[in-house]
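Reading through the structure tokens given below for one structure.
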There are 2 protein chains.
Amino acid sequence: MLRIGFDIGGTNIDVGAVDEQNRIVARRKQPFPKGRPYTETVKIMEDLVYELLQETGSTTDDLASIGIGIPGSINVSKGTVISAHNLGFYDVPMRAAVGERFPATPVFLDNDANTATLAEFRMGALRGCRTGVLLTLGTGVGGGLILCGEVFEGGLGHGVELGHMCIDRQGPLCTCGNRGCVETLCSATWLEEQGKKALSESPSSMIGSLARGQMDRVDGKVVIDAAKTGDPTAMDIFDRYVDQLSTALSSYAVLLDPEVMVLGGGVSHAGEFLLEPLRQRVKEKSFFHYTHKIVAAEMGNDAGIIGAALLR
Amino acid sequence: MLRIGFDIGGTNIDVGAVDEQNRIVARRKQPFPKGRPYTETVKIMEDLVYELLQETGSTTDDLASIGIGIPGSINVSKGTVISAHNLGFYDVPMRAAVGERFPATPVFLDNDANTATLAEFRMGALRGCRTGVLLTLGTGVGGGLILCGEVFEGGLGHGVELGHMCIDRQGPLCTCGNRGCVETLCSATWLEEQGKKALSESPSSMIGSLARGQMDRVDGKVVIDAAKTGDPTAMDIFDRYVDQLSTALSSYAVLLDPEVMVLGGGVSHAGEFLLEPLRQRVKEKSFFHYTHKIVAAEMGNDAGIIGAALLR
């Protein structure tokens, strides 16, 4: 039996066929049809499923489930997308629309943060925990919670928004309307903005060398790589980043006393260069003054597909 | 059958005998023996239990349980106090010490925030919820969480420290070593300090009248009462307080999407004068922009005794 996992983003539709050992045995990627009615997305999804079936020599009889991860607010029980800004989806009956094309196959829908959390929980760094935090540090900051040994969908089903906890009430304005959200101070975007500012102020820094003097080559990774070389400007930015992120993690820590906090997303590829000072700073700031377990995510870019395929 | 609930604080030992309908049928209060070995506290507790038994015409055979709420870190499974600053208790085997005096009676020990949460959960404003928050706004700020329909003891058993989530990373230094904790900006102590500052700067304000010009009569209640009269100085302080508290509640809201958030402690007696603007501000700040249910605690000062008696 195969399970299909869709990881739908504003740029691409990623999909994989996953076997009973949760390995991706076939995959496809298609551009997301921006600005078109959702029915067009559903048609592309249908075609992709048939391509995967053909490649794996399977038929719809071999399909155990189709899971769909969407970046937005989802009503899990109704199987609808309440709103997904980046996709232009509002009140979309996604599960029903896909279900019509595959009437014999159960279809599941969830937020992409929850599918990533599910993948880490079943196969990755959250495996075996009853209380855990996944924080994904990318363009934005998202994540999920494991509470009582399950992916937590929010008390009222709205999901959780770890990136919109406030850590600096007088801090920068967030897209959500609040100030100083974790997302404004702990995203890769923050690193990128600070890197660009530094490049314009001191063009001779290592950030400039690594970006070959080009503003549009500066991103979070460039700043981190420059900091790794010991460049003082980049180290200063990175140090502030670690400090901000440690405030966020110590807040999750005092609220939930988690067994493990897992960092995913682009910034987490900094590895121990990030994790080591972070553990120290979280220990200092957390009320428990405990060495909280903080580790990198294990599932990488496949978390979206595998997590969606794991939906039941 | 009777259950005994102890609410032990740095000033008093409060205790009640609770019947099968969770009503307090007899109660006692004794000063806490400050600076004395814990064995002295245990002796007082023993005497108090016998007084309550006598008053209710009962014997130790009628005792279903003895529950003890302690303001500090508790190892619930071992029944020990890890540390309770205000009591001067460190590594105290409280359950064993009380159990020795009442060998036929089960003894339970927990943090006082958890006993208060349990009381609201079983009998008060958290009744029937699966995901809820209790925040007690007093000299400090504490509270508890209901997760998955149970009082949450923390993922590693350290408990939860809602008052030590950070909402202002550049804010005032907290006793815990971190900056801008909820406790530094949302406690009654914050209101009192701002009230005192206002009194020294503008002695003619309503704060001054209500405190009869005496600095040591200024407390959180005086500031709130002055704000209720429309005094501009007090209204300004109260407005800042509401703003700070709304940041804290919107952070809990985006993390847990709770069915209900309950406010206890002295400040909560401000009632709708506090709750109404707070609901509006939390709605504006929360990512969900949802009218979160925010209500006052129902159990009042008895929450400690009843919650301790409810421990199993």
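Table for the structure above
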quantity	calculated
Only one of A:59, A:80 that is farther than 27 Å from residue A:183 by Cα and not assigned by TED's automatic domain parsing to the domain that holds residue A:191	A:59
Test set (1) at pLDDT 95 or above; (2) in contact with a helix residue (DSSP H, G or I) (Cβ under 7 Å, 6 or more places away or on another chain); (3) not assigned by TED's automatic domain parsing to the domain that holds residue A:262 - residue A:112 fails condition number	(1)
Residue match in the stretch A:262-279 (condition: more than 22 Å from residue A:113 (Cα to Cα), open to solvent by 10 Å² or more (accessible area, probe 1.4 Å), modelled with pLDDT under 95 and outside any helix (DSSP H, G or I))	no
Breaking point among (1) touching a helix residue (DSSP H, G or I) at 6+ places or on another chain (Cβ under 8 Å); (2) in contact (Cβ under 8 Å) with a residue 12 or more places away in the chain, for residue B:59	(2)
In the stretch A:158-173, residue surrounded by the most Cβ atoms within 10 Å (Cβ to Cβ) [restricted to those that are under 18 Å from residue A:263 (Cα atoms) and at the interface with chain B (Cβ under 7 Å from one of its Cβ atoms)]	A:165
Hey, residue A:95 basic (Lys, Arg), within 25 Å of the chain's Cα centre (by Cα) and not assigned by TED's automatic domain parsing to the domain that holds residue A:147 or not	yes
Complete set of residues in the stretch B:244-261 that are touching a helix residue (DSSP H, G or I) at 6+ places or on another chain (Cβ under 8 Å), more than 8 Å from every other protein chain (Cβ to nearest Cβ) and either surrounded by fewer than 24 Cβ atoms within 10 Å (Cβ to Cβ) or of a type in the set (A, V, I, L, M, F, W, C) (or both)	B:245, B:248, B:249, B:253, B:261
One residue from A:121, A:89 being within 14 Å of chain B (Cβ to nearest Cβ) and among the aromatic types (Phe, Trp, Tyr)	A:121
Residue match in the stretch B:181-192 (condition: facing another protein chain (nearest Cβ under 8 Å) and in contact (Cβ under 8 Å) with a residue 60 or more places away in the chain)	no
Residue ranges of helices (runs of 4 or more DSSP H) in the stretch B:171-219 with at least 2 members polar (S, T, N, Q) and within 20 Å of the chain's Cα centre (by Cα)	none
Residues of the stretch B:64-77 satisfying the condition of being hydrophobic (A, V, I, L, M, F, W, C), open to solvent by less than 10 Å² (accessible area, probe 1.4 Å) and in contact with a Lys or Arg (Cβ under 8 Å, 6 or more places away or on another chain)	B:66, B:68
Residue match in the stretch A:229-241 (condition: within 14 Å of another protein chain (Cβ to nearest Cβ), in contact with an Asp or Glu (Cβ under 9 Å, 6 or more places away or on another chain), small (Gly, Ala, Ser) and buried (at least 23 other Cβ atoms within 10 Å of the Cβ))	no
Sole residue being over 23 Å from residue B:85 (Cα atoms), in contact with a strand residue (DSSP E or B) (Cβ under 6 Å, 6 or more places away or on another chain), at pLDDT 95 or above and in a loop (DSSP other than H, G, I, E, B), chosen from B:58, B:65	B:58
Any hit, the stretch B:136-155, residues being in a strand (DSSP E or B), in the same structural domain as residue B:244 (by TED's automatic domain parsing), on the phi > 0 side of the Ramachandran plot and touching a residue at least 12 places away in the same chain (Cβ under 8 Å)	yes
Residue pairs meeting the criteria (Cβ under 6 Å; at least 6 apart or on separate chains; first surrounded by 12 or more Cβ atoms within 10 Å (Cβ to Cβ), in the stretch B:22-35; second among the acidic types (Asp, Glu) and part of a loop (DSSP other than H, G, I, E, B))	B:25/B:19
Leading residue by the ranking (farthest from the other protein chains (Cβ to nearest Cβ)) among those in the stretch A:273-289 that are hydrophobic (A, V, I, L, M, F, W, C) and closer than 25 Å to residue A:220 by Cα	A:273
Residue A:207 crowded, with 23+ Cβ neighbours inside 10 Å and either within 14 Å of another protein chain (Cβ to nearest Cβ) or within 30 Å of residue B:258 (Cα to Cα) (or both)	no
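So that you can scan it fast, the table gives a plain yes or no per residue for (1) of a type outside the set (A, V, I, L, M, F, W, C); (2) away from chain B (no Cβ under 11 Å); (3) crowded, with 21+ Cβ neighbours inside 10 Å; (4) within 22 Å of residue B:150 (Cα to Cα):
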| position | (1), (2), (3), (4) |
| --- | --- |
| A:128 | yes, yes, no, yes |
| A:137 | no, yes, yes, no |
| A:145 | no, no, yes, yes |
| A:149 | yes, no, no, yes |
| A:152 | no, no, yes, yes |
| A:156 | no, no, no, yes |
| A:179 | yes, no, no, no |
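The values are calculated or read from the model by the stated rules, or taken from the named source; none is laboratory data. The shown structure was predicted, so the numbers you read here are calculated from the model rather than taken from an experiment. Because the Cβ atoms are built from the backbone with ideal geometry, glycine has one as well, and the counts that use them run over all protein chains shown. Each accessible area value is taken on the protein alone, full model and side chains, heavy atoms only, with ligands, DNA and RNA left out. Shrake-Rupley method; radii C 1.70, N 1.55, O 1.52, S 1.80 Å.
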